[in-house]
């Protein structure tokens, strides 16, 4: 198991970025998390993935991956920070970038063109997302920082505490 550490700031020069994932918010402040079933157990995650050569930047990676995985378009995207991953097996420490984004439109559920999987999509509060994701302390810090930045950038007017599959 790797060791994760969360940072609000730019990725250090020369550190490899292996992932770009987003905390996606709708207009009422809930987050959209991805759901899949693995060995008869629900597993939750954020939309995102590996940067590819076709992506101009991290923003393009998140836009592309959000469409591929959860068929969701984004209207505003902001850099949040990164977590380092130390696998402890001689692989150099690398970064996983995290961003926040405002959802523009959620389309119909469709298979991911990369792997053929179809993911469920759950809208939930950031606090509940922490429980669903079941991540380390670094993940809890990241979701907390995402919620703070989203409240500033997206100026949520209404809040909704209801979990909803979309």
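A short reminder: the numbers here are calculations on the coordinates, not readings from a lab. Predicted model only: the values in this text are computed from it and were never measured. Backbone-built Cβ (ideal geometry, glycine too); neighbour counts: all protein chains shown.
Of note:
- Per-residue Cβ neighbour rank within 10 angstrom, fewest leading, 8, 38: 38, 8
- The label point for residue 166 and the one for residue 118, both projected 7 Å from the Cα toward the Cβ, are 1.9 nm apart.
- Mean residue ellipticity (222 nm) of the chain, computed from DSSP H runs ≥ 4 via -39,500 (n - 2.57), nearest 500: -7500 deg cm²/dmol
- At R0 = 22 Å, FRET efficiency that the Cβ-Cβ distance of residue 53 and residue 91 yields, to 0.05: 0.50
- For region 3-165, the share of DSSP beta bridges that are antiparallel, to the nearest 5, is 80%.
- Residue 78/residue 41 FRET efficiency (R0 41 Å; Cβ-Cβ; nearest 0.05): 0.80
- Cα shape, the chain, gyration tensor, a/c 1.5 rule: rounded
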